[in-house]
Amino acid sequence: MSESLRISRQFSQRAVMEAIVQSGPISRASIAKQTGLSKQTISEIVRQLELDGWVQETGRTSGHIGRTAVTYELIPDAAYIAAVDLGGTKVRVAIADLACQVFAEEVAPTDKRGGKFVVEQIASLCWLAADHNGIPRERIRIAVVGAPGAPEEATGRILLAPNIPGLDTMDVRSALETALGFDVSLENDVNLCVIGENWLGQGQGIDNLAYIAVGTGIGGGLMVGGQLVRGAGNAAGELGFLPFGADPFDPESLRSGAFERVVASMGIMERYEKRTGIAATVPAVFERAASGDPDAAEILDETARYLARGIGAIAAIANPEKVILGGSIGLREELISRVKTFMPQCFPYPIQIEASALGAHAAIVGAAAIGLGQLHNALFGAVAPNSRMSLPPAEAVSFREIGK
C-alpha cells in the first residue's frame with residue numbers, strides 16, 4: 001500500500017469511528033451520509049473495528065419503506081483512560097471509559113515530599129481506582145496528568161509548580177510511564193479545566209473562553225477560536241506571574257509569582273493576619289466576613305479587586321466571551337459577586353463571569369477528553385484534520401459527581 005493510500009485509510013478509519021462516537025447507535029448508511037465515504041469502505045472499516053473489539057452491533061432500525069439496517073455503537077469498556085488532577089493539596093485519580101464516562105475515582109492529600117513520592121502516589125491511586133471497580137489494569141491504555149505549572153515536552157519536567165517540590169528536577173512523564181506501564185501525557189491542570197467546561201460545563205459552544213482557578217495558587221486556561229492556547233513553552237495562562245499585586249522584582253515573586261502572592265490562599269491569610277494580628281485559614285476569613293467582621297470583608301474586597309484586574313488583563317489581550325472561576329477560593333459566591341461588582345469599575349466592556357459547573361471535577365473531565373483524543377490518534381494513526389477533539393455530545397454523557 002502506498003503512503004498516500006495508507007494515510008487516506010487512516011483518516012477514513014478515524015472518520016468512521018468518530019461518527020460512531022458522536023452519533024451511535026448509527027447505521028452504515030448514516031455513517032456514509034456523515035463522512036462521504038462509500039458504503040463498501042465503511043463496511044470494511046466497521047467489520048475490522050468489530051473484529052478488533054472497538055464497536056458492536058446494537059440492533060436494527062427501520063427505514064423509510066420498511067427496510068431495516070444494522071446499527072453500531074462504541075464498546076465503552078474496550079479501553080480506559082486514567083485521568084489525573086494533581087494539585088498542591090490533593091491528587092485526584094479517575095478512570096474513564098471510551099465514552100468518557102467517569103466512574104472510578106480515588107482522592108488523597110498530595111504527598112508533601114513531592115517528586116518520586118507523588119509519582120508513586122499517582123500510580124497507587126490509579127490501581128486502587130481500577131481494582132475497586134473491577135477494571136482490568138491491562139485495559140487502561142493512557143494516562144493524562146494535569147498539574148500546576150508548565151510541562152516541558154522535551155524533558156518531561158514540570159516547571160513553575162512551586163507548591164509541589166521536585167517536579168522540575170525529574171522526568172515526571174517517564175517516571176509515571178515506568179510506574180504505570182502505559183503512555184502518559186502531561187498537561188497544565190487549568191488547561192484541562194477549560195477543556196472540561198467547554199465540553200460539559202459552563203462553556204459549552206463558546207469558542208472564546210477563559211477559566212481561572214484560585215486556590216493554593218492561581219492559574220488560567222484559555223481557548224481562542226475553539227483552540228486551546230498553550231504558548232511557546234506550554235506556560236500560557238500562568239497568571240500567578242502577572243507583574244502586579246506584590247512587587248514583581250522581589251526575588252520571591254520569581255518563585256511563586258507577584259499576582260499569586262496576593263490573590264491565592266497564602267496572600268489572603270497573610271493580609272488578614274497583618275491587618276488583625278490573628279492567624280486564620282481562608283475558610284475562616286470567609287466565615288468571619290459573613291459574620292460581619294469588617295477586616296475580613298475588606299480582605300475579600302481587596303482579593304476581588306486583584307482578581308478583577310487579572311481578568312481585565314486577560315480580556316484586554318484575548319477578548320473571551322466568558323470567564324469561568326473555579327478552585328476552592330474561586331468558586332466562593334462571596335468572591336464571585338464581588339468580582340462582578342468591581343469588573344465594570346476597571347474594564348470598559350461587559351464580561352460574563354460564572355462559577356464552574358464541574359467544580360473539583362473540571363480537570364478530570366478535561367483529562368478524559370484529551371485522553372480520548374490521543375487514544376484515537378494512537379489507534380488510527382491520524383490526527384483530526386482541524387485539530388479539534390471529537391467527543392461524545394454533552395447530552396449523551398451522563399457524568400456523575402463521585403468521589404470525595
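Within region 224-277, restricting attention to residues that are in contact with an Asp or Glu (Cβ under 8 Å, 6 or more places away or on another chain) and of a type in the set (S, T, N, Q), the residue that is modelled with the highest pLDDT is 276.
The rows are residues; the columns are (1) outside any loop (DSSP other than H, G, I, E, B); (2) in the same structural domain as residue 232 (by TED's automatic domain parsing); (3) out of contact with any Cys (no Cβ under 9 Å at 6 or more places or on another chain).
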| residue | (1), (2), (3) |
| --- | --- |
| 176 | yes, no, yes |
| 184 | yes, no, yes |
| 187 | yes, no, yes |
| 198 | yes, no, yes |
| 207 | no, yes, yes |
| 211 | yes, yes, no |
| 216 | no, yes, yes |
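Assessment of region 231-240 against the conditions (assigned to a helix (DSSP H, G or I) and in the same structural domain as residue 328 (by TED's automatic domain parsing)) yields at least one matching residue.
Of all residues in region 207-244, exactly one satisfies the criterion of being surrounded by fewer than 16 Cβ atoms within 10 Å (Cβ to Cβ) and charged (D, E, K, R), namely 207. Within region 1-14, residues that are in the same structural domain as residue 31 (by TED's automatic domain parsing) reach partners that are modelled with pLDDT of 80 or more and outside any helix (DSSP H, G or I) with beta carbons closer than 8 Å, at six or more positions or on different chains, in the pairs 12/37. Comparison of 308, 284, 280, 304 shows that the only residue that is assigned to a helix (DSSP H, G or I), modelled with pLDDT of 95 or more and surrounded by fewer than 21 Cβ atoms within 10 Å (Cβ to Cβ) is 284. Put simply, of 314, 324, 353, 336 the only residue that is buried (at least 16 other Cβ atoms within 10 Å of the Cβ), at pLDDT 95 or above, touching a Gly at 6+ places or on another chain (Cβ under 8 Å) and not in a helix (DSSP H, G or I) is 324. Restricting attention to region 153-166, does a residue exist that is surrounded by 21 or more Cβ atoms within 10 Å (Cβ to Cβ) and either more than 22 Å from residue 190 (Cβ to Cβ) or among the small types (Gly, Ala, Ser) (or both)? Yes - at least one qualifying residue is present in region 153-166.
Each residue in region 17-50 was checked for being under 19 Å from residue 97 (Cα atoms) and part of a helix (DSSP H, G or I), and 9 pass.
For region 271-286, the count of residues that are touching a residue at least 12 places away in the same chain (Cβ under 8 Å), within 30 Å of residue 91 (Cβ to Cβ) and polar (S, T, N, Q) is at least one. A single entry from 42, 26, 31 fulfils the requirement of being over 21 Å from residue 375 (Cβ atoms), touching a Ser or Thr at 6+ places or on another chain (Cβ under 9 Å) and crowded, with 19+ Cβ neighbours inside 10 Å: 42.
For region 117-152, filtered to residues that are within 16 Å of residue 192 (Cβ to Cβ) and in a loop (DSSP other than H, G, I, E, B), the residue that is nearest to the chain's Cα centre (by Cα) is 148.
Screening the candidates 309, 338 for the property of being outside the structural domain of residue 159 (by TED's automatic domain parsing), charged (D, E, K, R), touching a helix residue (DSSP H, G or I) at 6+ places or on another chain (Cβ under 9 Å) and touching a residue at least 60 places away in the same chain (Cβ under 8 Å) yields one hit, 309. Could you list, in sequence order, all residues of region 47-58 that are within 31 Å of the chain's Cα centre (by Cα) and surrounded by 14 or more Cβ atoms within 10 Å (Cβ to Cβ)? Passing the criteria: 49, 50, 54, 55, 56.
Going through (1) more than 20 Å from residue 100 (Cα to Cα); (2) not in a helix (DSSP H, G or I) one by one, residue 53 falls short only on (1).
The values are calculated or read from the model by the stated rules, or taken from the named source; none is laboratory data. Please read these numbers as outputs of a predicted model, since none were measured by experiment. Reconstructed Cβ throughout: ideal geometry from the backbone, glycine too, with neighbour counts over all protein chains shown.
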